[in-house]
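Chemist: Input: one structure, supplied below.
Where a number appears in this text, it was derived from the coordinates with a stated rule and is not lab data. Keep in mind it's a predicted model, so treat the numbers as computed, not measured. All Cβ positions, glycine included, derive from the backbone under ideal geometry; neighbour counts span all protein chains shown.
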Amino acid sequence: MPKVKAWLELSLGIRSEGQPLTDWLYLELRSAILEGRLPPSARLPSTRDFASQYGLSRGTIVQVFERLQSEGYLCSRVGAGTVISGQVMPRPPSSAEAGALPAYIRSARANDQRPKAFVGLTPFRSLRPFRMGQVDQLEFPSKLWARLASRRAKSPGSWGLPADDRRGYQPLRQAIAQYLGSSRGIACAADQITIVSGVQQALDLLARLLLSTDDKVWLEDPGYFGARIAFENAGAQIVPVPVDAEGIVVSQGIKTGAAAGAYVTPAHQFPTGVAMSLGRRMELLKWAASAGAFIIEDDYDSEYRFEGRPIPALMSLDRGSNVIMVGSFSKLLFPALRIGYIVAPTALADCVAAFRHKTDFRGVHLEQAVLTDFIDGGHLSRHVRRMREIYASRHAFLIEASRRYLAGVLDVQNVHCGLYTAAYLKNGMSSGEAEKAAFTAGVDTLSLGRYILSVPDPKGLLLGFASFNESAIREGTRRLARAFR
């Protein structure tokens, strides 16, 4: 019979502070069994002897043995005592110990092709100018949001047992339809809207629904890497289409041959910041209608237009049911609010809702109910108007500071809307070199080169200004001047 005493004396680990005695002993015995130090059929001391030998209560030993027995690690036999179950096979060595990873992990790692936008990206550890993708959360009416959330949480009957609606919380869809009608010129019904967790989920869902393997899809070049990820995951072929001062160059896309669809950011092209002209919009719609193709319109921050009303959405011009709009509230309110939407043509809306239902049976209805109250109470419109003025002021200050400190070195674009602007280098640096130099100088930027597919390096950077006050913007431009000169 294997000697248990020697193993126990040498191998029982030290109990962590605050760790229950039964948990500690259970884990120690379980590890010894799985690692083969207590082999199958090995006999353990009686609970009385075990307790006496190690100064533990017999009740503790009984509790641990019963737990191990219930999980199949121990067997109790009349006249034979307690032994290690013969069904337990010692664990094989870990991957690190064996020196090789399982085949499925090696295969997954081989398929991990990270987009250019991620390669060499240094993690942002603090909020430094001019970090992208940020809104000023300090200006968000968080106390108002908390009151709305508290009220909803106290009455779960209004959202806790929602109707079986695959499209999402119906009152929110109605609120979004009304909001898009007034702010984006889109005449849509609530049933055309499907609630998702954000734009990336929307793109992933639509790519898998609309595309087959090797289908071609147009992507603006430079363009949003998230769309490329979604389309490539669906097995599609990306067709880079250049962008000029009027937006995507439709004539260049047509020269590449037939395509199943296109992804565009017409109100505020990402990342160059240009707005698609009316003529180019009509040309794109004409192509989609004649080709029977879809157009995915990503309307990510068009509400923050600094002069006049936001440009009506491309979908508002569509008469052929070719345009599908995607949007979210993360840039309007705060990034942690994972609520987005898809507005599909009426004939496609049921398909979108059914396909979404396959991936996520229920949404987060509490947050959707709170957002509904925020929109219906007029708080969203007021917040957007207020933030539009703040962001316009910060953008204007960035332009002024860049003219003072960066003249002849970096040409910061005077954009018409949004939370960021493109800036083009005049000092001979490449986009990548400038990003590294800026980071070393204490400024977080993103290289425009991260977003190109086939066009030459635009030699520029993206500067996010929305979440920085004038003092931070001034200091950021000074640091860039020192880095680039």
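Chemist: Report the gain in length on full extension from residue 411 to residue 212: 0.36 nm times residue separation, minus Cα-Cα distance, nm rounded to one decimal.
Modeler: Details: separation 199, 0.36 × 199 = 71.64 nm, distance 4.20 nm.
Answer, rounded to one decimal: 67.4 nm.
Chemist: Let me ask something else about it. Would you mind working out the magnitude of the charge dipole of the range 363-484 relative to its Cα centre, with +1 at each Lys and Arg C-beta and -1 at each Asp and Glu C-beta, to the nearest 20 Debye? Don't skip to the end; give the middle numbers.
Modeler: Details: 15 positive and 12 negative charges, 98 e Å.
With Lys and Arg at +1 and Asp and Glu at -1, about 460 debye.
Chemist: Treat every Asp and Glu Cβ in the range 154-309 as -1 and every Lys and Arg Cβ as +1, leave all other atoms uncharged, and give the resulting dipole magnitude about the Cα centre to the nearest 20 debye.
Modeler: Working: 14 positive and 18 negative charges, 65 e Å.
With only Lys, Arg, Asp and Glu charged at Cβ, the dipole is about 320 debye.
Chemist: Identify which of the listed values of mean projected area of the Cα convex hull in nm² was calculated from the structure shown: [x] 31.2; [y] 25.2; [z] 20.0.
Modeler: Of the labelled values, this structure produces [x].
Chemist: Specify which residue in the list 159, 254, 54 is farthest towards the positive end of the charge dipole of the chain, using unit charges on the beta carbon of Lys, Arg (+1) and Asp, Glu (-1), about the Cα centre.
Modeler: Of the options given, the answer is 54.
Chemist: While we're here: With contacts defined as alpha carbon pairs under 8 Å and 6 or more residues apart, what's the relative contact order of the chain in percent?
Modeler: Details: 803 pairs, mean separation 80.2, N = 485.
Averaging sequence separation for qualifying contacts and normalising by length gives 17 percent for the chain.
Chemist: Measure nothing fancy, just the Cα-based angle from helix 278-291's long axis to the longest principal axis of the chain, in degrees from 0 to 90, nearest 10.
Modeler: For 278-291 against the chain, the angle is about 60 degrees.
Chemist: Where does the range 326-430 land on the Kirkwood hydrodynamic radius, alpha-carbon pairs, in angstrom? Display every interim value, and only then the final one.
Modeler: Details: mean 1/r = 0.0573 Å⁻¹.
In the range 326-430 this quantity evaluates to 17.4 Å.
Chemist: So what's the back-of-envelope 222 nm ellipticity for the chain, counting only DSSP H runs of four-plus at -39500 (n - 2.57) apiece and dividing by all residues, rounded to 500? Can you show the working numbers first?
Modeler: Values: 17 runs with 200 residues, N = 485.
Result for the chain, helices only: -12500 deg cm²/dmol.
Chemist: Within 12 Å, Cβ to Cβ, of residue 286, how many net charges do the neighbouring residues add up to if Lys/Arg are +1 and Asp/Glu are -1? Walk me through the numbers before you get to the answer.
Modeler: Values: positive: 280, 281, 319; negative: 283, 318.
The answer is +1.
Chemist: Only loop residues by DSSP count here, and only those with at most 11 other Cβ atoms within 10 Å; note down the chymotrypsin sites (Phe, Trp or Tyr not before Pro) in the range 302-380 that meet that.
Modeler: Numbers: sites: 304, 306, 329, 341, 355, 361, 374; in loops: 304, 306, 329, 361.
Within the range 302-380, the qualifying chymotrypsin sites (Phe, Trp or Tyr not before Pro) (loop, at most 11 other Cβ atoms within 10 Å) are 361.
Chemist: Separation between the residue 351 and residue 137 pseudo-spin-labels, each 7 Å from Cα along Cα→Cβ, expressed in nm?
Modeler: 3.9
Chemist: I would also like to ask the following. Would you please calculate the Kirkwood hydrodynamic radius of the range 354-485 over all C-alpha pairs and express it in Å, rounded to one decimal?
Modeler: With all distinct Cα pairs of the range 354-485 included, I get 17.1 Å.
Chemist: Expressed as an acute angle from 0 to 90° and rounded to the nearest 10, what is the orientation of the C-alpha long axis of helix 379-405 relative to the principal long axis of the chain?
Modeler: So the inclination is approximately 70 degrees.
Chemist: So what's the net charge close to residue 308: Lys and Arg +1, Asp and Glu -1, counting the other residues with Cβ under 15 Å from its Cβ?
Modeler: Values: positive: 184, 305, 309, 385, 388; negative: 303, 307, 389.
Residues near residue 308 contribute +2 overall.
Chemist: With the Cα gyration tensor of the range 282-357 in hand, give its eigenvalues times 5 under a square root as the equivalent ellipsoid semi-axes, listed largest first in whole angstrom. Mind showing how you got there, number by number?
Modeler: On the way: eigenvalues 111, 76, 13 Å².
Here the semi-axes work out to 24, 19, 8 Å.
Chemist: Take the residue pairs 286/459; 216/255; 286/331; 255/286 and return only those whose Cα atoms are more than 22 Å apart. Walk me through the numbers on the way to the answer.
Modeler: Details: 286/459 33 Å; 216/255 13 Å; 286/331 31 Å; 255/286 15 Å.
Over 22 Å Cα-Cα: 286/459; 286/331.
Chemist: When ranked by the protection proxy of mean other Cβ atoms within 10 Å per residue, highest first, what sequence do the peptides 61-71, 409-419 form?
Modeler: Numbers: 61-71: 16.5, 409-419: 20.3.
In descending order of packing, they fall as 409-419, 61-71.
Chemist: Let me ask something additional. Arranged from highest to lowest average of other beta-carbon atoms within 10 Å per residue, in what order do the peptides 75-87, 263-275 appear? Could the numbers behind the result be given before it?
Modeler: Numbers: 75-87: 12.7, 263-275: 24.5.
Result, highest mean Cβ count within 10 Å first: 263-275, 75-87.
Chemist: Count the net charge of all other residues whose Cβ sits under 10 Å from the Cβ of residue 179, scoring Lys and Arg as +1 and Asp and Glu as -1.
Modeler: Working: positive: 184; negative: 303, 376.
With Lys, Arg at +1 and Asp, Glu at -1, the net is -1.
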